[in-house]
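All remarks here apply to the structure that follows.
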Amino acid sequence: MSAVVEPQDRETRPGPRMMHSEDPRDVGWVVQNIPCQAACPAGTNVPAYIRAIAEGRHGEAYEINRGANVLPGVLGRICSRPCESVCRHGWPGNGEPVGICNLKRSAADQKSTGHRITERLYAPTGKRIAIVGAGPAGVAAAHDLSVLGHDVTLFEREQHFGGMLRYGIPEFRLPRDVVDFELHNALRLGVELLRGQGVGNGPDEVRVVDLLAAHDAVLLAAGCMAPLPLPLKLRGERLAAADECPDVEHGLPFLMSLHRGERKSVRRRVAVVGAGFTALDCARVATRLGAQEVTIHIRTAEEYIPVTKEEIFEAKREGVRIKGLRTPVGIVVDGDGRLCGVEFVQNRLGAWREDGRRQAIAIEGSEFLEPCDTLLIAIGQKTVNDFLDIKVELDQWHNVRTGEDGMTSARGLFACGDFVTGPTTVVEAIGRGRQAAQKLDAWLMGKPRRKRVVQIVPIDEPLRERAFDFIARQHMHTAPLHDRLGKGQPEVELGMDDKQTLQEARRCYLCNLHYQIDVDRCIYCRACIEVAPRNCIKLVQGVEVLADGSYGSLREAREWNQVGAIWIDNNECIRCGACFRACPVKCISISRDEFVELDTA
Amino acid sequence: MNGTRHHVIIGTGVAGNQAARTLRQREPASRISLLTLSALPFYNRYDLPRVFHGVHDWREFLVDPPTYYDEQRIELRRCTRVVNVEAKRKTIMLGHNEELPYDTLLVASGGRAYLPEELSEYRPLLDGFASFEDAMAIRRKLPDGGTLAILGGDMIGLDLARTLIDTGHRVVLIAGKHTFWPHQETPEQRQELLQVLARMGIEILDADGEGGIESIQAGARGFATRRVVFGNGRECTADVVLPSFGLVPSVEFMLGSGIGIERGLLVSPTLRTTDDSILAAGDVCQIWSGVEKRYRFYYGWKNVRAMGDLAARNLTGDDEAFVPAQDETLHIQDGVTIHSPFWEYA
């Protein structure tokens, strides 16, 4: 725990009971031991905000979230929850993961009206930045850059801000008043907002070269809005090509036009192809538009699709069916050119792909027909960059390539979010928007102004009780089926009440608590080992030190004469505090170790 | 073949028990562990309707005496929950945090009753019929001459229905698309089959014709215990409501194993998964059919037993493909009796 730095922030000023560290062992400990935070693309300090909720400080929990992910009320509803997939409570033998996302929503819903917003504003820099695109990445970047003192102008082609949040995600998952509130919170620090202002080569559009000339930097956050084409064979003589069929539509444009207020309709039997949130949203929208049978057809299987189990459950509850192991290869139209079926080929599962998903391998000669009247294709999106009137380097996917500094090959032109990576999730876009803001700021100011360190605060006693480990995961109430499918698309998930929120918050292991044994004071009585609920306290020969200086795996001792130390395996530790309470010589200490951002100056 | 291998079988249903039996015959020296969540050793689930004929002693349902497992040196571990299978380490994680290593693993965990998602909020008001304990619970709740409402009406539920008609109870079938599961009948056959059920004394309501099931409610004190409310406002009262919508494979504990899963574990015709040391048998697996060019389930006691036997043989050196052991068609005999292979048990 060396390299104590002097912070600029009062709230994090070190003292006898607090220190800051950049030691690789401390940094490595936080990365390895707080899996939820490590998995969050925005780096949200999950244990900290859940602890604040458990103590009834919902406003503070909301602010902890906002400091990392900018739009907690939005993400508390529609986040893809990478944190919950790695939550220690969900590891084999530990039960179900903590409802981290639901708690985020509880913090947003249950904070007091008019609670105090915390923004650590920097002095104005006089630098002017244009951001193209007001989706999650653009909004996050605009927020951070305005906090850092820059004059930000946000250009949005649509009539309203929010990008995918407003035009891609249905209202029954994300009410628009929540979007409005959160965007207003993020953008009210002097960001100039230009709605309905396209950037490109059109007659009423602003050219990128002109933006570059008028600003110190330009950040492209135009998202990933063009649907991927799906080549389909056509059976039927009325049409020349499958995409001429009026009953075949791409999912994202379908949702976007609906959310712009256009009238949309589907026929009786709807087939949706695709395996992401957009496909699920299309299917659930189709049920609300009056479809009688809605089926999602996927290439692999339900277990491998990148959406939450809750979304799948709710879709099924609304009558949506999911059929796996099939790839669409063609459509069949009748004499009037109307769709009457989709032809699929049967798949088998292949190897695991690098992205953690499963390959699907088509089986030759296994074509079969599924009757349907409307086909919605939601197999993914790609970026569109033909609006750029400046030559920039592209990657193999034809996305704009950026360097380590976040800049494209054109000086002063930065890019971030899905516009660079291709389609991801809202939380990833926000995380990347914030990273881009840091890099852009560093370029403008000549050096990084913020850095991440580990803050270590001693804790006097365990913050959890063993009984908390046996609380079952709390499930969010949802709207009754007959209320959902009526007019107005009412929100399906209704949030958790106070009692549920408290119970769920108590389930968190608080992985940011670091239990350590002072081996110089330990008398090796084994009292801690006797009371440990898991194999979490170990007699070890030594501890592996990794190349970056952080600790690796433990080398456990098999004989007494091999014992070099007694060590708390924080990977196994569920922070119940039993060892702390049992130790007769009080040689076990607890500290709260977590990342904080400090000024570099 | 190495006679000291540790074979672990998850599930003590027809497939798991048959596999253990065959494994012991073929490898007298190997270690066999049989894991089950149930408190009881293998018993005849197909026989559970006998509970309503006055057979209430669980020992009457056991297929093998309790001493069988000791005699065969089969380590039967009851009340044991498997929470994860780590295929790379060949280790099973049990609910009480024990790690159990294996050399070969046969997953024969079967299926559990499927409850459609739209009815899930009524789960506390519904009864199951998957175990001896479930059957006894229904018996206790159902008074003499009392009413059972069956939602869906798969062949398991219909088996109970015909028993309860025989024992003087009233049975209401709320029919829908899952009626006669797992059989796939034509609309014409379906009408005929429903008429036969009606002639057997089962009252039939068409769920869709009634506007769908709107809700299930607990009745007020002094009235029928449950009310099924339909979309058109009509109600059906019953002492017990049994969802009967077929089975879904019990595969949750395999999700972290890396084995291919669609609805069940995906296996080759030789019942092998994508991991050489893991096979699957029974209602939990979807077997590749080269003829139909798709993965499919095979139901029925004889098929399941044949799978258990085949899996054990393939674990011990054979490499044979599964051949269905029973006809899957549903038909009406003499115009009055429904004949389903799903009801055959001997």
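The values are calculated or read from the model by the stated rules, or taken from the named source; none is laboratory data. Owing to the predicted nature of the structure, the values given are computational and were not obtained by experimental measurement. FYI the Cβ positions are ideal-geometry reconstructions off the backbone, even for glycines, and counts take in every protein chain you see. Side chains included, ligands, DNA and RNA excluded: accessible areas come from the protein's heavy atoms. Shrake-Rupley method; radii C 1.70, N 1.55, O 1.52, S 1.80 Å.
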On the accessible surface of the protein assembly as shown, probed at 1.4 Å with all protein chains in place, carbon and sulfur together account for a percent value of 49 percent
How big is the antiparallel share of DSSP beta bridges in the protein assembly as shown, given as a percent to the nearest 5? 55 percent
Integer Hz, Karplus 6.51/-1.76/1.60 couplings in order for segment A:496-511, x for Gly and Pro: 9, 7, 4, 5, 4, 4, 5, 4, 5, 5, 5, 5, 4, 6, 6, 5
Given R₀ = 30 Å, FRET efficiency for B:Glu75-A:Gln541 by Cβ-Cβ distance, to 0.05? 0.30
Partner lysines whose C-alpha sits under 18 Å from that of A:Lys233, ignoring same-chain residues fewer than 8 away, are none
Given H placed on each backbone N at 1.01 Å, which residues far from A:Ile296 in sequence or on other chains put an amide H within less than 5 Å of it? A:Val272, A:Arg321, A:Ile322, A:Lys323
Under the Karplus relation with 6.51, -1.76 and 1.60 and θ = phi - 60°, whole-Hz ³J(HN,Hα) for segment A:466-480, x at Gly and Pro, equal 4, 4, 4, 5, 9, 6, 6, 4, 8, 9, 6, 6, 10, 5, x
Interchain or sequence-distant (5+) residues whose placed amide H lies within less than 5 Å of the amide H of A:Leu219 are A:Ala130, A:Ile131, A:Val132, A:Phe414
For segment A:424-471, alpha-carbon Rg over 2.2 N^0.38 Å: 1.97
On a 19 Å Cα-Cα criterion, which of the cross-link pairs A:Lys323/A:Lys487; B:Lys90/B:Lys293; A:Lys127/A:Lys451; A:Lys323/B:Lys293 come out too long? A:Lys323/A:Lys487; B:Lys90/B:Lys293; A:Lys127/A:Lys451
Residue-normalised 222 nm signal for chain B, counting each DSSP H run of n ≥ 4 as -39,500 (n - 2.57), nearest 500 deg cm²/dmol, is -6000 deg cm²/dmol
So what is the relative contact order of segment A:144-191, in percent, for Cα pairs below 8 Å that sit 6 or more residues apart? 53 percent
Find the relative contact order for chain A and round it to a whole percent, using C-alpha pairs within less than 8 Å whose residues are 6+ positions apart. 17 percent
Is there a simple number for the mean count of other chain Cβ atoms within 10 Å of the Cβ of residues in A:297-304, and what is it? 3
What angle, in degrees between 0 and 90 and rounded to the nearest 10, separates the Cα long axis of helix A:136-147 from the longest principal axis of the Cα atoms of chain A? 50 degrees
For peptide A:520-531, the mean count of other chain Cβ atoms within 10 Å per residue Cβ is 0
Between their Cα atoms, which of A:Lys499/B:Lys88; A:Lys391/A:Lys439; A:Lys264/A:Lys309 are more than 30 Å away from each other? A:Lys499/B:Lys88
Going by average Cβ density within 10 Å per residue, which order do the peptides B:135-146, A:69-80, A:241-252, A:31-42 take, highest to lowest? A:69-80, A:31-42, A:241-252, B:135-146
Segment A:391-513 shape via C-alpha gyration tensor axes, a/c threshold 1.5: oblate
Is there a simple number for the mean count of other chain Cβ atoms within 10 Å of the Cβ of residues in B:254-262, and what is it? 4
Over segment A:385-457, what is the relative contact order in whole percent, taking alpha-carbon pairs under 8 Å and six or more residues apart? 20 percent
Amide H proximity to B:Val83 below 5 Å, modelled H, separation 5+ or other chain, gives B:Met93, B:Leu94, B:Gly95
Per residue solvent-accessible surface (Å²) - segment A:14-158, probe of 1.4 Å: 32 Å²
Any idea how far the Cα center of segment A:22-82 sits from the one of segment A:396-434, in Å? 23 Å
Loop trypsin sites (Lys or Arg not before Pro), segment A:534-601, which have at most 15 other Cβ atoms in a 10 Å radius of their Cβ (DSSP): A:Arg534, A:Arg558, A:Lys586
Kindly state, as a whole number, the per residue volume in cubic angstrom of the convex hull around the alpha carbon atoms of segment A:427-572. 237 Å³
Going by the alpha-carbon gyration tensor, a ≥ b ≥ c the square roots of its eigenvalues, is segment B:72-147 rounded (a/c under 1.5) or, if a/c is not under 1.5, prolate (a/b greater than b/c) versus oblate? prolate
Set of lysines near A:Lys538 by C-alpha distance (under 23 Å), chain-local residues within fewer than 8 positions excluded: A:Lys586
Can you pull out the buried accessible area for chains B and A, both sides counted, probe 1.4 Å, rounded to the nearest 100 Å²? 1800 Å²
When the Debye formula is applied to the Cα atoms of chain A, each taken as the same point scatterer, what base-10 log of I(q)/I(0) results at q = 0.11 Å⁻¹? -1.14
Keeping all protein chains in place, calculate the accessible area per residue for segment B:141-218 (probe 1.4 angstrom), answer in Å². 43 Å²
Using θ = phi - 60° and the Karplus relation 6.51 cos²θ - 1.76 cosθ + 1.60, list the HN-Hα couplings for segment A:532-547 in order, rounded to whole Hz, with x at every Gly or Pro. 5, x, 9, 7, 10, 10, 10, 8, 10, 7, x, 10, 5, 10, 7, 4
With loop defined by DSSP as not H, G, I, E or B, and exposure as at most 14 other Cβ atoms within 10 Å, which is the longest segment of chain B clear of exposed GluC sites (Glu not before Pro)? B:99-291
Grab the DSSP H runs of chain A that are 4 residues or longer, score each as -39,500 (n - 2.57), total them, divide by all residues and round the 222 nm result to the nearest 500 deg cm²/dmol. -8000 deg cm²/dmol
In segment B:218-326, what chymotrypsin sites (Phe, Trp or Tyr not before Pro) fall in a loop by DSSP, with at most 16 other Cβ atoms inside 10 Å? B:Phe223
Please get the size of the charge dipole for the protein assembly as shown, origin at its Cα centre, with Cβ charges of +1 on Lys and Arg and -1 on Asp and Glu, quoted in debye to the nearest 20. 1260 debye
Theoretical FRET efficiency, 1/(1+(r/R0)^6), r = Cβ-Cβ of B:Lys88 and B:Glu328, R0 30 Å, to 0.05: 0.20
Return the loop-located trypsin sites (Lys or Arg not before Pro) in segment A:432-521 (DSSP other than H, G, I, E, B) with at most 14 other Cβ atoms within 10 Å of their own Cβ; answer none if there are none. A:Lys487, A:Arg521
